[in-house]
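Everything below concerns the one structure shown next.
The values are calculated or read from the model by the stated rules, or taken from the named source; none is laboratory data. Only a predicted model underlies this, so the values are computations on that prediction, with no experimental measurement involved. Cβ placement follows ideal geometry from the backbone for every residue including glycine, while neighbour counts extend to all protein chains displayed.
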Amino acid sequence: MRALQGGCIPASQSLPRVAACGPDPPPSFLYEDNMNRLRAIRFASTLLVTSLLAAAAAHASAPTSRSGNAASAPRSPARPLTIASPLLCADAVFANGLDNASRGVCGDGAVTVYTDRAEFLAALAPGHIENTFTDVAQGTSLPLQYADGDFNYTVFTEFFGASGGLYNGPGYISTDRVTDQIWVSTTVDDAPIGAIGGNVWPSDFQLQPTPGTIVLTVILQDGSTGATETIDSGGPDDFRGFISATTPIAFLQIEAPDLDAPPAGTTPDRWPTLDNLIIGATP
Amino acid sequence: MNASAALRARSVASASSTGIFFVSRIFPFCALLFLLCLAIVSPPVRADMALTASSEQTTYARGQTNHYVFDLNLISQAYEGGDNVIFAAPAGVTVSAVHYLDGFHSCPDALVLVLGMGSAEGGWYNPGYPSFCGYFGGAPDPGEPQTMAVDIDVPAAYVGDLPIVVTVQGDGCCDPPPHEGSVTLTFTDGGAPLRWDFDDVGAPALPAGWSTTTAGVGSAWTTQAGAGDSAPNAAYTQTPAATGESSLISPAIAVPAAGGELHFTQRFDTEATHDGGVLEIALDGGAFEDILDAGGSFGAGAYDSTIDANANCTGSDANPLSGRSAWSGSQDAFAPVTVGLPAAAAGHSAQFRWRLGTDCAGQADTASGWWIDRVSVTSSVPQAAVGPAKLAVSTDSADERVETLGIGNLGGGSLIYAIAIAEGGATDCSTPSNPTWLHLGTSSGTVAGGTRDDVAIELDSSGLADGSYSALLCVTTNDAATPALQIPLTLEVTAGSCQAVDRIFANGFDDASNGACGTALRTFDDRNAFLARIANDYDEDRYTGLRSGYLYGPTAFGNATYTYSVFTQDGAAGGLYLFAGSGMLSSASAQDQLVITFTGAPVTAIGGNFWGQLFFSNTSVDMNTTPPTTVVLTLDDGSSETFTANGADDFRGFVAMAPIHSLTIATPDPDPDGDFVWGVVDNLIVGRAR
């Protein structure tokens, strides 16, 4: 073995969540679950998004969308998420009352939340699309990029700070890492998405539905939080839909927080899971 | 260019490409300007991504996981890095794990995903491909070394060379193309036995390469579920009550140059002497002829009859095999057949045909037919599988107990063995003894290929005082790879212990045998010997293609019968961490222990690969090494096994009388550099004693 130069040698090696030190850590993909690092990245990413989105948006290239296929690696680049302008709402959390199930008002970006699929579909403008992910195979996958009708969108983990990719079930979407979120995103070059919804639930390590909580966050293209919705999920039939009155939707975040106090001998781990995604325009 | 100059060049290029990555992602117009500046001050460079590869290993072993180390060199005059490194195997062969060992990283913070584990093509992928700054650094000829380990699972029925195509897809940092290079490493057949058990297909399909033909009213061969000697399937054809024939034809098989043997098990129920089956062979694509006419011979399970003329079925109604030696009548249970292949087959291609012939009479029902299972072609060289490797028995005084030592021959020819006993604390059998409390059913024997001898170990505690008694069983064989084995045996005698314990617990609730007094723990270090001792309904988990990362609570595995959860011990520093693509279970902290708790049907047999994996070290740049590591396996009753594991092939199995509730895996000792090594498990088998 080739010795490293200097640095501390701990009594034990652990992944960073436990304890670790050393001047020359292993490659980052062994450290990708370092929660401290992850949180730092997410925080930094938020700043980065809000300060650089305008420049990035200006350079957004023409989309080269493709149908998602979990079994093959895309040969085209993943398109960066771009949002039209820097953050307009100073504090979207306060703007929508923390956890308002109806609408989080930020500037002109009123978002209506639907819990009934039929009502949601009835409220959409004509021309909506639905993705049942029937072509998705079980296992890890790269970003899934779709072009359907007027809509182009990408399904993947969070754009900044993700520690892994997707880990899908047969015909539905989930994440590889328990700490990651599912993101459904689009770009400013694409047709504006005014409505988005789907079935969401927590799954366990084996991809089976399990009791838990799902948190959905809608981010609008003005950078504001359009809505935050928390579901004490009953399973794969749980539906949530969002329609933005004016400002297009930039992306939808789906998170499954770990249980705070799982029953003794059980795991707190929960993974976000998505199926039957609906995307449409504001009526 | 000397080494330091090369290092400087690499660093400059890396810094440049990192800068390009950052700028192109964040400030695209500045990136354009940056590139323009580079173009002005630097001569044009050619980004001709290419790849060389080598491996110390040259062969593969079918029917198991092959651990290969690939020494790659990523060559690019423009220092283009690699985004994706992909390993592709032939259909049916799977990439089950990838490990990064060493190399230079262009962009160490790149998000690199592991995809495709458990399929024929997998490796590392950058979701932003082409990212303009790949994780795997490249450099001008002779390239940037990147060392990777890849696990390749080769089916027991795989035939021929094994080509592995390694492809590197560049990050696209610098035109002109190509941005992709590939190379093929071909591994040759290492001579492991070729096996088919018909269990990897869904009935009624036959395995790839197998075919069936019929004539007259003969029924096609299929696989039949629930009928196998190895669960669930066997190949099967019915015996119709009319004239015809049905043939089951194997793929072409390369017979070892030194000669080979064919092994299979069969049972049959046909109209005695009028209907029956034969085995035929065709060499190098020639015509089929009876195995005996071709020069072959039966070592076990020879033809037992002759197809005679049935007065009621003459002419075109007669059995097409009339007059030939055959298997005919009834054999209700599977029994082995061993065939010494003709000398002319050595080094040639052979196909086998199981051919059933029927005449115009008989009875067609579901009970009749011919079942074939566990087909294998081996060399003529014996291969011993002996177990248990350790035996610990505790009992009352005046108890008699019979344990079993299995001596199997996984190869061909005749495995010749002898067993001697040394008493007390002997370290070898140079001074044999015959303790009054220990007797062997036999002290020597011969085992035909594909079969096993079960040698009785008779333990008699009559007249023994309370205490511990030990002996050493010394097994010698003519298998050059296993010439001698020493099996420690301990007998713990405690007067009245059988009255004190609960007899229900002593027989493990579901023990179909006898509710024997006391306990016995058989420890195995040979996977095949272990499997011979457990029932067919066992669960085996290979941990390939799982979710990865941290797991903060007990995580469930198993099948419909045997379930278990895996986590760390109470008070552990952390939970589990499944490294992406590692194909094994591990804890987050190297000093934590893995605890496997059985939660389903009572478990009396567990086994798996246990070793120490140094995922990374604070004192070395090498990653994913497997240094010799002390592994301690502890069962819930306090029984433990301590051994030095040298790698992912180290196996330990336990077969107990009473249910095993949990297993703890620990690697308590640091290596010479002070690093603690993760204790890991793979290929865990959970079931019950046969």
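Reported count of residues in the stretch B:564-584, each being under 26 Å from B:GLY387 (Cα atoms) and either of a type in the set (Ser, Thr, Tyr) or within 12 Å of another protein chain (Cβ to nearest Cβ) (or both), is 1. The residue that is nearest to the other protein chains (Cβ to nearest Cβ), counting only those in the stretch B:647-685 that are surrounded by fewer than 24 Cβ atoms within 10 Å (Cβ to Cβ) and of a type in the set (S, T, N, Q), is B:SER662. Only one entry of B:ASP275, B:ASP317, B:ASP373 meets the criterion of being over 26 Å from B:GLY413 (Cβ atoms), touching a residue at least 40 places away in the same chain (Cβ under 8 Å), surrounded by 19 or more Cβ atoms within 10 Å (Cβ to Cβ) and in the same structural domain as B:VAL217 (by TED's automatic domain parsing), and that entry is B:ASP275.
Of all positions in the stretch A:159-168, none carries a residue that is touching a residue at least 60 places away in the same chain (Cβ under 8 Å), in contact with a Phe, Trp or Tyr (Cβ under 7 Å, 6 or more places away or on another chain) and under 17 Å from A:VAL215 (Cβ atoms). Summed over the stretch A:190-208, the residues that are within 14 Å of chain B (Cβ to nearest Cβ) and either more than 16 Å from the chain's Cα centre (by Cα) or on the phi > 0 side of the Ramachandran plot (or both) give a count of 5.
Of all residues in the stretch B:113-130, those satisfying the criterion of being under 21 Å from B:ALA50 (Cβ atoms), facing another protein chain (nearest Cβ under 8 Å) and assigned to a loop (DSSP other than H, G, I, E, B) are B:TYR129, B:PRO130. Of the residues making up the stretch A:144-153, none is crowded, with 24+ Cβ neighbours inside 10 Å, at the interface with chain B (Cβ under 9 Å from one of its Cβ atoms) and either assigned to a loop (DSSP other than H, G, I, E, B) or modelled with pLDDT of 95 or more (or both). Go over the candidates B:THR625, B:THR644 one by one and state the one that is among the hydroxyl-bearing types (Ser, Thr, Tyr), out of contact with any helix residue (DSSP H, G or I) (no Cβ under 7 Å at 6 or more places or on another chain) and more than 13 Å from chain A (Cβ to nearest Cβ). Checking each option against the conditions leaves just B:THR644. Within this structure, B:CYS360 passes the test of being outside any strand (DSSP E or B) and in contact with a helix residue (DSSP H, G or I) (Cβ under 8 Å, 6 or more places away or on another chain). So B:ARG688 passes all but one of these: (1) within 14 Å of chain A (Cβ to nearest Cβ); (2) closer than 18 Å to B:GLY558 by Cα. Which condition number does it fail? With respect to (1) within 14 Å of chain A (Cβ to nearest Cβ); (2) closer than 18 Å to B:GLY558 by Cα, B:ARG688 is out only on (1).
Looking at B:ASP102, B:ASP109, which one is within 14 Å of another protein chain (Cβ to nearest Cβ), surrounded by fewer than 20 Cβ atoms within 10 Å (Cβ to Cβ) and touching a residue at least 60 places away in the same chain (Cβ under 8 Å)?
Values: B:ASP109 fails: touching a residue at least 60 places away in the same chain (Cβ under 8 Å).
Answer to the check: B:ASP102.
For the stretch B:140-183, a residue qualifies if it is outside any loop (DSSP other than H, G, I, E, B) and within 21 Å of the chain's Cα centre (by Cα), and the qualifying residues are B:ALA149, B:VAL150, B:ASP151, B:ILE152, B:ASP153, B:VAL154, B:LEU162, B:PRO163, B:ILE164.
Of the residues that sit in the stretch B:163-183 and are surrounded by fewer than 21 Cβ atoms within 10 Å (Cβ to Cβ) and either aliphatic (A, V, I, L, M) or in the same structural domain as B:SER250 (by TED's automatic domain parsing) (or both), which one is nearest to B:SER106 (Cα to Cα)?
Of all residues in the stretch B:163-183, those surrounded by fewer than 21 Cβ atoms within 10 Å (Cβ to Cβ) come to B:163, B:165, B:167, B:175-178, B:180, B:182-183.
From what's left, either aliphatic (A, V, I, L, M) or in the same structural domain as B:SER250 (by TED's automatic domain parsing) (or both): B:165, B:183.
Values: B:VAL165: 23, B:VAL183: 22 Å.
Among those residues, the one meeting the criterion is B:VAL183.
Conditions (1) in contact with an Asp or Glu (Cβ under 9 Å, 6 or more places away or on another chain); (2) aromatic (Phe, Trp, Tyr), marked per residue:
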residue: B:GLY202; (1), (2): no, no
residue: B:TRP221; (1), (2): no, yes
residue: B:GLY226; (1), (2): no, no
residue: B:ASP229; (1), (2): yes, no
residue: B:THR239; (1), (2): yes, no
residue: B:ALA242; (1), (2): yes, no
residue: B:GLY259; (1), (2): no, no
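Suppose we filter B:ALA448, B:ALA420 for residues that are touching a strand residue (DSSP E or B) at 6+ places or on another chain (Cβ under 7 Å), assigned by TED's automatic domain parsing to the domain that holds B:THR490 and more than 25 Å from B:VAL339 (Cα to Cα); which single one remains? Of the residues listed, the single one that is touching a strand residue (DSSP E or B) at 6+ places or on another chain (Cβ under 7 Å), assigned by TED's automatic domain parsing to the domain that holds B:THR490 and more than 25 Å from B:VAL339 (Cα to Cα) is B:ALA420. Where strands (runs of 3 or more DSSP E) sit wholly within the stretch B:571-690, those with at least 1 residues that are without any contact (Cβ under 8 Å) to a residue 40 or more places away in the chain, farther than 19 Å from B:THR523 by Cα and in contact with a Gly (Cβ under 8 Å, 6 or more places away or on another chain) occupy B:576-578. Do we have B:VAL69 as surrounded by fewer than 18 Cβ atoms within 10 Å (Cβ to Cβ), under 25 Å from the mean Cα position of the chain (by Cα) and at pLDDT 90 or above here? In short, yes.
Each row is one residue, and each column tells you yes or no for (1) under 23 Å from B:LEU578 (Cα atoms); (2) assigned to a strand (DSSP E or B).
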{"site": "A:VAL184", "(1), (2)": "no, yes"}
{"site": "A:ASP189", "(1), (2)": "no, no"}
{"site": "A:GLY198", "(1), (2)": "no, yes"}
{"site": "A:PRO202", "(1), (2)": "yes, yes"}
{"site": "A:GLN206", "(1), (2)": "yes, no"}
{"site": "A:ILE214", "(1), (2)": "no, yes"}
{"site": "A:THR217", "(1), (2)": "no, yes"}
{"site": "A:GLY223", "(1), (2)": "no, no"}
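Can you confirm whether A:VAL184 is over 20 Å from B:GLY122 (Cα atoms) and within 13 Å of chain B (Cβ to nearest Cβ)? First the steps, then the outcome.
Working: over 20 Å from B:GLY122 (Cα atoms): yes; within 13 Å of chain B (Cβ to nearest Cβ): no.
Criteria not met by A:VAL184.
Yes/no matrix, rows are residues, columns are (1) touching a residue at least 40 places away in the same chain (Cβ under 8 Å); (2) within 24 Å of B:ASP332 (Cβ to Cβ); (3) crowded, with 16+ Cβ neighbours inside 10 Å:
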site	(1), (2), (3)
B:GLY202	no, no, no
B:TRP210	yes, no, yes
B:ALA215	yes, no, no
B:GLN224	yes, yes, yes
B:ALA231	yes, yes, yes
B:GLN238	yes, yes, yes
B:THR243	yes, no, yes
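I need the full set of residues from the stretch B:394-440 which are farther than 19 Å from B:ALA520 by Cβ and of a type in the set (Val, Ile, Thr), in order please.
First, pick out the residues of the stretch B:394-440 that are farther than 19 Å from B:ALA520 by Cβ: B:408-418, B:420, B:422-434, B:436.
Within the stretch B:394-440, B:ILE416, B:THR427, B:THR431, B:THR436 meet the criteria.
Taken together, B:SER430, B:SER461, B:SER443, B:SER468 contain a single residue that is surrounded by 16 or more Cβ atoms within 10 Å (Cβ to Cβ) and hydroxyl-bearing (Ser, Thr, Tyr), which is B:SER461.
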